[in-house]
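The values are calculated or read from the model by the stated rules, or taken from the named source; none is laboratory data. Here the structure is a predicted model, which is why all the values come from computation and not from measurement. In this analysis, Cβ positions are derived from the backbone assuming ideal geometry, glycine residues included, and neighbour counts consider all displayed protein chains. Please note that ligands, DNA and RNA were not included when accessible areas were found on the heavy atoms of the full protein model with its side chains. Shrake-Rupley method; radii C 1.70, N 1.55, O 1.52, S 1.80 Å.
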Amino acid sequence: MIQARTDIAAEMKRAMSAGQFDKAALIGAKLLRTHPKRTEIHIMTAVAEMQGLYFARAGQRLGYLFRSLDPSDRYFGPVVQNFVQFTQASGDFKSSIKIVEKKLSSSPKLLVYREILADLIFRQEVKLSLGRSISANLDRAVALLEGLPGDYGHLLSAQTLLARIYVHCEKTDKAFDLLEKLVARAPMDKGIRTFQASAFALSGAVENAVQASTNLINDFADIGAQPYLIIAFLRPQSMPEGAKDVLAKIAGSAKATAQEVYLACFALARIAETDNDMATAFDWYRRGHDANRKASPIDMQAELREFELLADLARAEQSVHANTNSNVSSDVAKRDGQVTDVADQDEAGPKPIFIVGMARSGTTLSERILGAHPDVYAAGEIGDFARIVAEVLGAGKVSEQMARLDEKAVCEIRKRYLAALRVYDPDVKFVANKTPANFTRVGLIRRIFPDAPILHTHRHPLATCLSIYTTPFAIPMRFSDDLGDLADYYRGYEKLMSAFLETDQYGMFFDLSYEELVANPEQVAQDYLRHCGLDWRPECLEFYRDGKAARTASMMQVRRPINRDSIGKWQRFAPYIGPLADLGSVKSRTSSSTDEEARNEKSSGKTVAA
């Protein structure tokens, strides 16, 4: 009789199944003392360590396994997967990239290391900033992947990664061409085809996005919610029959991931909204957010404390600036004086304009008007500023970066950012960066670019918040998953922007009301162009004719002339907004002034208090 082989890892597996990851990690470490060559136990132990108290050990273990295993080893794939996962979670890309570079250097013919290195480089860049940027590292990742031969064993995955980088860098033609080839090579690969549809949607190719999504739905019964979501938000009248049943099944499935539930709920919400059933629509939006919040909770108090700290830092800077004329001895005061002179050291080339504000507040429209001026390149939601700040000052909270900002760092960040702007377009006077989240970085911007115009866009609080709440962002805004949190976040944002207004010592801050811009586009646009040092050009109001895709949730609107269609849309959901209702009593920033007073304030580079 053959005796059954005992599973020495059975107890460890039971602990992991029960969610007892620390216990499983200790069991695994104990097993490895007597079975050090059992790679599968190393992997399970690392997985358990990543989930519990022994996170750092997982990195050491996975690094050891990656260095030790040959790509032909059957466990190499799982090791790489967990090695990359650990790197993403820890943020220690530098160490991991160094390990892979060493392997590639010692074994240059093992092409898999090129793909892994490119993947880590790309992930690092996205971690530093979500927007596209001028980056030598990204160029290197592209070169690593483009240089792979046609007979590379993992060419499909490598070229899919390359397509993702192309999309991120807004190299639309290259991305679409490569994705077409990948789909032709693997027509039944749902992942590649879904990504192709998403890439079309993200890049503003509406016809292609809807057609690709429709084909996916027709070809695969189990395709998931993403194609339905694309159709729902780009062309709801093209929604296939039976979509509601399919999406409701996904939304109610206990086996569906939180992301799938989120997508399905938002698609259902948009369908209901198109049918003018606002109660049902809002309930589906709420259910989508509930799923997302459960999977990715947020520490709202930490977010609000950061806002308060940034406001305090702005006031402290203002106080120091006011005391410089009183011969106050302070390192910060010395830095402040030196920052104002740093522009004299700039190389020739475009200067920055920053457009900031909450998402869905009019940043896209404001930038497209600017971008229609021949002296301006509208770069969109670029990540160069955030990335360069993180490279020079280290990653972390903006307040922590502010604390590390000295004269040397100011000069370095300014030099690098201006160099990036020259790559976008060396011949214009200005390059506009319309990343909304830069509203938290206004303090950094003013220290590094005290001469840069900052346009702060805003609209009615409920219009902003409900637009955020009902928009399926590619990376969901976690503060919007709960209406109470969303209201608190908006109030914190309002207080922070008021602090920046109060401390506008260089007169570079311009308050831009979306409602005023739509009501009186020529006058308001003239005002903020003048604030930026630009003359008026009538073609600025014909921005929609340039055909340029807008990488934003507003991509459909900016292809049309200025209109008032979105004014007051939030009122359709007024009966269901709960904690947001109090924001309705907040007057728009310019409501206490006449239109003429507001224009006079703005034309002088001032803002109207919140």
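Would you say Arg360 is closer than 20 Å to Arg459 by Cβ, assigned to a loop (DSSP other than H, G, I, E, B) and not small (Gly, Ala, Ser)? Break it down stepwise before answering.
Values: closer than 20 Å to Arg459 by Cβ: yes; assigned to a loop (DSSP other than H, G, I, E, B): yes; not small (Gly, Ala, Ser): yes.
Spelling it out, Arg360 is indeed closer than 20 Å to Arg459 by Cβ, assigned to a loop (DSSP other than H, G, I, E, B) and not small (Gly, Ala, Ser).
Does the range 193-209 hold any residues that are hydrophobic (A, V, I, L, M, F, W, C) and either buried (at least 20 other Cβ atoms within 10 Å of the Cβ) or touching a His at 6+ places or on another chain (Cβ under 9 Å) (or both), and which are they?
Just the residues of the range 193-209 that are hydrophobic (A, V, I, L, M, F, W, C), to begin with: 195, 197, 199-202, 205-206, 209.
Of everything in the range 193-209, those that are hydrophobic (A, V, I, L, M, F, W, C) and either buried (at least 20 other Cβ atoms within 10 Å of the Cβ) or touching a His at 6+ places or on another chain (Cβ under 9 Å) (or both) turn out to be Phe195, Ala197, Ala199, Phe200, Ala201, Leu202, Ala209.
When the residues of the range 93-131 are filtered to those that are surrounded by fewer than 16 Cβ atoms within 10 Å (Cβ to Cβ) and not hydroxyl-bearing (Ser, Thr, Tyr), which remaining residue is farthest from Ala56 (Cα to Cα)? Working first, answer last.
Keep residues of the range 93-131 that are surrounded by fewer than 16 Cβ atoms within 10 Å (Cβ to Cβ), which gives 94-95, 98, 101-102, 105-110, 127.
Then drop every residue that is not not hydroxyl-bearing (Ser, Thr, Tyr), which leaves 94, 98, 101-102, 108-110, 127.
Working: Lys94: 15, Lys98: 17, Glu101: 21, Lys102: 21, Pro108: 29, Lys109: 31, Leu110: 28, Lys127: 20 Å.
Looking at the filtered set, the residue picked out is Lys109.
Go over the candidates Thr87, Thr39, Thr45 one by one and state the one that is open to solvent by less than 50 Å² (accessible area, probe 1.4 Å) and touching a Ser or Thr at 6+ places or on another chain (Cβ under 8 Å).
Working: Thr39 fails: touching a Ser or Thr at 6+ places or on another chain (Cβ under 8 Å); Thr45 fails: touching a Ser or Thr at 6+ places or on another chain (Cβ under 8 Å).
One residue alone meets the criteria, Thr87.
Would it be correct to say that Phe122 is at pLDDT 95 or above and under 24 Å from Asp189 (Cα atoms)? Reasoning before the result, please.
Details: at pLDDT 95 or above: yes; under 24 Å from Asp189 (Cα atoms): yes.
Here the answer is yes, as Phe122 does meet what is asked.
For the range 210-241, which residues satisfy the criterion of being open to solvent by less than 30 Å² (accessible area, probe 1.4 Å), under 18 Å from Ile271 (Cβ atoms) and part of a helix (DSSP H, G or I)?
Within the range 210-241, Val210, Ser213, Leu216, Ile217, Pro227, Tyr228, Leu229, Ile230, Ile231, Ala232, Leu234 qualify.
Check whether at least one residue in the range 462-481 is open to solvent by less than 20 Å² (accessible area, probe 1.4 Å), out of contact with any Asp or Glu (no Cβ under 8 Å at 6 or more places or on another chain) and outside any helix (DSSP H, G or I), and report yes or no.
For the range 462-481, residues open to solvent by less than 20 Å² (accessible area, probe 1.4 Å), out of contact with any Asp or Glu (no Cβ under 8 Å at 6 or more places or on another chain) and outside any helix (DSSP H, G or I): present.
Can we say Tyr166 is outside the structural domain of Ala221 (by the TED database), of a type in the set (Ser, Thr, Tyr) and assigned to a helix (DSSP H, G or I)? Steps first, answer last, please.
Values: outside the structural domain of Ala221 (by the TED database): yes; of a type in the set (Ser, Thr, Tyr): yes; assigned to a helix (DSSP H, G or I): yes.
Taking the combined requirement at face value, the residue satisfies it.
What number goes with the only condition from (1) open to solvent by less than 20 Å² (accessible area, probe 1.4 Å); (2) at pLDDT 95 or above; (3) under 23 Å from the mean Cα position of the chain (by Cα) that Ala499 does not pass?
(3)
Kindly indicate which of Asp22, Asp73 is surrounded by fewer than 19 Cβ atoms within 10 Å (Cβ to Cβ), at pLDDT 95 or above and more than 36 Å from the chain's Cα centre (by Cα).
On the way: Asp22 fails: more than 36 Å from the chain's Cα centre (by Cα).
Exactly one residue qualifies, and that residue is Asp73.
From Lys294, Lys249, which residue is open to solvent by 80 Å² or more (accessible area, probe 1.4 Å) and modelled with pLDDT of 95 or more?
On the way: Lys294 fails: modelled with pLDDT of 95 or more.
Exactly one residue qualifies, and that residue is Lys249.
Specify the residue that is farthest from Lys569 (Cα to Cα); the eligible residues are those in the range 355-402 that are open to solvent by 20 Å² or more (accessible area, probe 1.4 Å) and acidic (Asp, Glu).
Ranking the qualifying residues of the range 355-402, first place goes to Glu391.
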